[in-house]
Each structure stands twice: as C-alpha cells, then as structure tokens.
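Okay, so here's the structure we're looking at.
The values are calculated or read from the model by the stated rules, or taken from the named source; none is laboratory data. Keep in mind the model is a prediction, meaning the values are calculated, not measured. Glycine gets a Cβ as well: all are built from the backbone with ideal geometry, and neighbour counts include every protein chain shown.
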Amino acid sequence: MTSQYCAEAPGKLFLLGEYAVLDGSPAIVAAVEPKVRVVAGYKGTRQKLSIAIPSSGVHFTADVRSLPPTGPGPVAFVLACCASCPEEERRTVLPGLNLVIEFPRTQGVHAKLGLGGSAALVASVSALLFELAHGRGRAQQHKTEVFHRALAAHRAAQQGRGSGADVAASVFGGLILFETSNGSAPRVELLPWPENLALATSWSGQPASTAELIGTYYNSVRDHAALHRQFLRSSALAVETFATAIRSCSDAESAWRAAAPVLLEFAPKLRLPYLTPALARILALAQSQNIVAKPSGAGGGDSAVALCRPDQKAALIELWERSGFPCPAVSPAKEGVVCG
C-alpha cells in the first residue's frame, strides 16, 4: 500500500449545556473551522509506527508489537485511537504507518484555546484508520462506527473524563444537540444553523485545564445535591428552548439571550471557577454592543463565544481585539470529518 490518505475534521465550540452534559443533560455544540488535518502513508521500518507534528517539532516512533499506552501531548490521543481499533485491524494497518498531524494556528499545541483540537484529532485519526482497514469512502459510510471509536479513544486519553459532545461535533459536523442518559449511546441531532445569527469568539489569553475543572464540578455537586438538580433542570430547559427556536425558525436571538446566562448564574453557587476576570471583561465588552456572550466549554480561561446579528460581528471583533483579546478566525463547519 503506497498511496497517501488524509483526513480533516473541524473543532468545536460549546454553545450551551456545559457541565450538565456530563450528567446526561443535553448540550448544543457547534463544529467550527479551521480543521485539523492528518496525512497517512507507509514508509520506513515495517514494524514501526511514526507520528510527526511538524508545528511543534514532535517526532514519535514506537514498535507496533508493543505500543505504549500513552505519549507526549497529542501523541497520547493518536495512540488511544490505535488502541480503539480491533486487534486484526491493528495488525494489518499499523506496521510501517507514518502519520503527519497539521494543527491550524488557532488550534496549535502551544496554546490551548478551547476549540476542540483533541476531538478533531481523534476524529481524523479514527476515520483514517477505518479507511486504511476497510477501503476509501468507508469512513463516510460508517460515521457512527467512527464516532464510537473516536469517542472511546478520546475518553481513554483523558482518563474517562468528558461527555463526547466535542467528538460528535468533529465527526458529524454542523450544529448538534447532544445527549446521553443512563449509560445509553449518545443521541446526536443535527440542527439547522439559526437564521440571522453569526458566530464570534475571543480568547481570554489563559488556557484552562478542563480535567481539573470537571473534577471541581464533581466534587461540588456531591455536596450540593439539591442545587445540582436545580442546575440540571435549568440547563436542560435553556438548551431545549434554544433548540426549539432553531427548529421552528423563530426568534433564536431572544432564545440565546435567555439561555446563555444559565451557567453564569449557577457557577458561583456550585463554586466553579468558571468566570475569570479576562472572560468577564470579554463578556462586558460584548454587552456594551448589546450582544450576549458567554464562556465556551468549562470556562476558567480558554475562549468566549457570542451569537449576534451578522451586521454586528465585525464591530464586536474589532472591539475585542482593540481591548487586547485575540479573536481566532472561526466559522461554522457544515461537514464533519472528511477523508481524501
């Protein structure tokens, strides 16, 4: 096998439902460009797997007969993807495989922005490995299987943490309603992008540790059971209200204004370090333009997201950047992972 394979997958921005999605409540997540790209080919030593990330100078090689359980940075996610494949596929696909990973600047390994680079990586690698095992075009035909493999890999690399909503966005693309309950398989509903609303994001300048924040959340809800139940109900209602407005093509902007503050209200009560001073400043700048923004994802740093009228977006981005908050050039991604 000498031909080259490649796969690209978008990142993600959480819009609504963060934290609550870990306990089975629904969330809404947008797949966003730019994409992570992975190129695969065969060369070098037959029993070696090679992983390169040129943007960060990473060159990792391992013997496929005894792959390590983890590796440095993004390599850990690639190894988890390999481990999620059936044994027969590992024996036929991995020997001599060379993977080159290309992160866009906004999702590079030097600065975590909260745009789902790891989810896009496992989606791309899982789709590539599936195509190498089953033939070109097969990953597109079996996206649900690719999703389950990518989800297993992502969770393994993160010690079981995470809802999988980010992986679903990277695999399926678009705007999705994501929900799991009682250990059942995740439910993924593709929503239309809300009419007359544009997406804008700004980076707080501070990477956040999602794993640490999730740990803080679990510790808090154990001590505040009644408040936790109230939070789950409020979060689910906010998600469903926004989803209903999108489905019915009604006033999605008003629904967003009502739904976006829910986690901001509950985070202090749950003792979550969700809103940092930088994020608070980003939100206040948006509010000065009559635009509602919120932290995307676990908060504690990373990025904020706003939905606004298209004619408001340029002025908002200019204001954020003039105030010292970079604005990654992201846009909604209609497609999920694609192989070529």
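Quick look at the values:
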quantity	calculated
Lone qualifier among 174, 162, 137, 205 - being within 23 Å of residue 307 (Cα to Cα) and not assigned by TED's automatic domain parsing to the domain that holds residue 301	174
Selection count where residues are surrounded by fewer than 17 Cβ atoms within 10 Å (Cβ to Cβ) and either part of a helix (DSSP H, G or I) or at pLDDT 95 or above (or both), scope the stretch 10-58	3
Filter pass, residue 284 being closer than 29 Å to residue 9 by Cα and modelled with pLDDT of 95 or more	no
All positions within the stretch 200-223 that are over 17 Å from residue 274 (Cα atoms) and surrounded by fewer than 20 Cβ atoms within 10 Å (Cβ to Cβ)	222, 223
Members of the stretch 112-159 that are in contact (Cβ under 8 Å) with a residue 12 or more places away in the chain and touching a His at 6+ places or on another chain (Cβ under 8 Å)	118, 119, 122, 130, 142
All positions within the stretch 297-316 that are closer than 25 Å to residue 170 by Cα, at pLDDT 95 or above and crowded, with 18+ Cβ neighbours inside 10 Å	304, 305, 306, 307, 308, 313
Residue check, residue 184 surrounded by 13 or more Cβ atoms within 10 Å (Cβ to Cβ) and not charged (D, E, K, R)	no
Filtered residues of the stretch 326-338 (kept if modelled with pLDDT under 95, hydrophobic (A, V, I, L, M, F, W, C) and crowded, with 16+ Cβ neighbours inside 10 Å)	327, 330
Single residue of the stretch 133-146 satisfying the filter (closer than 16 Å to residue 90 by Cα and either of a type in the set (Gly, Ala, Ser) or in contact with an Asp or Glu (Cβ under 8 Å, 6 or more places away or on another chain) (or both)) that is surrounded by the fewest Cβ atoms within 10 Å (Cβ to Cβ)	135
Tabulated pairs, the stretch 53-73, first within 21 Å of residue 92 (Cα to Cα), second of a type in the set (Ser, Thr, Tyr), C-beta under 7 angstrom, 6+ apart or interchain	61/50
